[in-house]
1. Only one of (1) farther than 22 Å from G80 by Cβ; (2) in contact with a strand residue (DSSP E or B) (Cβ under 8 Å, 6 or more places away or on another chain) fails for T128. Which number is that?
2. Within the stretch 176-210, can you find the residues that are without any contact (Cβ under 8 Å) to a residue 24 or more places away in the chain and β-branched (V, I, T)?
3. State all residues of the stretch 191-206 that are under 17 Å from the mean Cα position of the chain (by Cα) and part of a helix (DSSP H, G or I); if no residue qualifies, say none.
4. Conditions: (1) farther than 17 Å from V194 by Cα; (2) surrounded by 19 or more Cβ atoms within 10 Å (Cβ to Cβ). A101 meets all but one. Number of the miss?
5. Starting from the stretch 116-142, keep only residues that are over 24 Å from N195 (Cβ atoms) and in contact (Cβ under 8 Å) with a residue 24 or more places away in the chain, then list their pairs with residues that are aromatic (F, W, Y) and part of a loop (DSSP other than H, G, I, E, B) whose Cβ atoms are within a distance under 8 Å, requiring at least 6 positions of separation or different chains.
6. Cβ-Cβ distance below 8 Å, separation of 6 or more or different chains: which pairs start in the stretch 63-87 with a residue that is surrounded by 12 or more Cβ atoms within 10 Å (Cβ to Cβ) and among the basic types (K, R) and end on one that is assigned to a loop (DSSP other than H, G, I, E, B) and modelled with pLDDT under 90?
7. Suppose the filter is without any contact (Cβ under 8 Å) to a residue 24 or more places away in the chain and closer than 26 Å to L51 by Cα; does P169 pass it?
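The values are calculated or read from the model by the stated rules, or taken from the named source; none is laboratory data. It should be emphasised that the depicted structure is a prediction, and the values quoted were computed from it without experimental measurement. Here Cβ is always computed from backbone atoms with ideal geometry, including for glycine, and neighbour counts include all displayed protein chains.
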Amino acid sequence: MANSLPHTARLLAASLRALIVLTLLTGVAYPLVVTGIAQTAFRTQANGSPLRSDGKVVGSSLIGQQHYGLAYFQPRPANGLGTNTVNTQYRLLLSGATNLAADNKVLIQQVEAAKSRVVKVNSVPGYTVRPSQVPADAVTSSGSGLDPDISPQYADLQIHRVAARNHLPVSEIRRLVAAHTEGRTLGFLGEPRVNVLELNVAVKELAAKS
């Protein structure tokens, strides 16, 4: 018993020293180093990829928004988004997909309704959209419902409406779309895409200058 007490005390002291050292290394030093590297080399990405307009943060280039007016480019539908029903103190949207099968009647109705709306709102004097021109991403939501990008085809389809609503030349809006069209990641991953928020910020700035 006499020998066990000093032995136990030594074990406790060693454990305490290990706890302090590991806490300092993994809980203080490592986070500080990683944060320092992120803020130095990847500041924009580390802070959530925010986009600014008129000196204010208007959103993140990584998260799609649904509140654009018809003077701007429209994102993909977000039928999979839900609302927070558990903690109603906060107005939160829940990300998710619809999980509807391709032959589900509800999904088919949503797609047809979305296609009709796309044709209607994007048909302006001198330019008529045909149903066959509407790409899939214009009428279907992404898996998260928060996709920030649209296809170049969907962006092209909206050019005439955006130009007409902002009283700008079609050629200028087409130039903006081309400037904000990104190719496949690393040349082979994913598909060409257009970031809607970045494009709309550019449209707003161009309209303000005009």
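1. (2)
2. Listed by number, the list holds a single entry, T185.
3. Correct list: V196, L197, E198, L199, N200, V201, A202.
4. A101 satisfies every listed condition except (2).
5. Between residues of the stretch 116-142 that are over 24 Å from N195 (Cβ atoms) and in contact (Cβ under 8 Å) with a residue 24 or more places away in the chain and residues that are aromatic (F, W, Y) and part of a loop (DSSP other than H, G, I, E, B), there is no close pair.
6. Going by the 8 Å Cβ cut-off, the qualifying pairs are R76/G64; R76/S141; R76/S142.
7. Considered against the rule, which asks whether it is without any contact (Cβ under 8 Å) to a residue 24 or more places away in the chain and closer than 26 Å to L51 by Cα, P169 comes out as yes.
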